[in-house]
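Below is one structure, written out as structure tokens, with a few remarks after it.
The values are calculated or read from the model by the stated rules, or taken from the named source; none is laboratory data. Bear in mind the structure is a predicted one, so any value in this text is a computation, not a measurement. Ideal geometry is used to build each Cβ from the backbone, glycine not excepted, and the neighbour counts take in all protein chains shown. Note: accessible area is taken over every heavy atom of the protein model, side chains too, but ligands, DNA and RNA are not part of it. Shrake-Rupley method; radii C 1.70, N 1.55, O 1.52, S 1.80 Å.
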Amino acid sequence: MKELTFLRESKQPLEFPSCGSVFKRPEGHFAGKLIQDCNLQGTRIGGAEISMKHAGFIVNVDHATAQDYMDLIQFIQQKVYDTFQVELETEVIFLGE
């Protein structure tokens, strides 16, 4: 268990609140790798930021709102599509308005 915990902590941004992995794995690709290859790690909208540790996570670094997350998700989806013609589908579920 210690080894698995170490591996998880070394690969996932557990030092910040997040909603977990944001995107489903597109067929033949890895969402995090596509985001990383677009040089988007560290990109921030409001308080939401694409993790420097794992590009498939959006972390809350400064009181991010739901709108910050939604805007950053849309930005990522557009950039990845423009660069690789791959549509990223969200894994997270949006509730409310």
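Starting from segment 7-30, keep only residues that are more than 11 Å from SER51 (Cα to Cα) and aromatic (Phe, Trp, Tyr), then list their pairs with residues that are open to solvent by 100 Å² or more (accessible area, probe 1.4 Å) and at pLDDT 70 or above whose Cβ atoms are within a distance under 8 Å, requiring at least 6 positions of separation or different chains.
Listed pairs, sorted by first residue: PHE23/GLU89.
Does ALA66 count as buried (at least 18 other Cβ atoms within 10 Å of the Cβ), within 18 Å of VAL92 (Cα to Cα) and hydrophobic (A, V, I, L, M, F, W, C)?
In short, no.
Quick one: is LYS33 open to solvent by 40 Å² or more (accessible area, probe 1.4 Å) and either assigned to a helix (DSSP H, G or I) or within 18 Å of ILE93 (Cα to Cα) (or both)?
yes
Name the residue that is surrounded by the fewest Cβ atoms within 10 Å (Cβ to Cβ), counting only residues in segment 43-63 that are part of a strand (DSSP E or B) and more than 10 Å from the chain's Cα centre (by Cα).
Result: ARG44.
Could you grab me the full set of residues in segment 66-97 that are modelled with pLDDT of 95 or more and either among the β-branched types (Val, Ile, Thr) or assigned to a loop (DSSP other than H, G, I, E, B) (or both)?
ILE73, ILE76, VAL80, THR83, GLN85, VAL86, GLU87, LEU88, GLU89, THR90
Any residue at all in segment 61-74 that is closer than 13 Å to PHE23 by Cβ and in contact with a Leu (Cβ under 6 Å, 6 or more places away or on another chain)?
No, segment 61-74 contains no residue that is closer than 13 Å to PHE23 by Cβ and in contact with a Leu (Cβ under 6 Å, 6 or more places away or on another chain).
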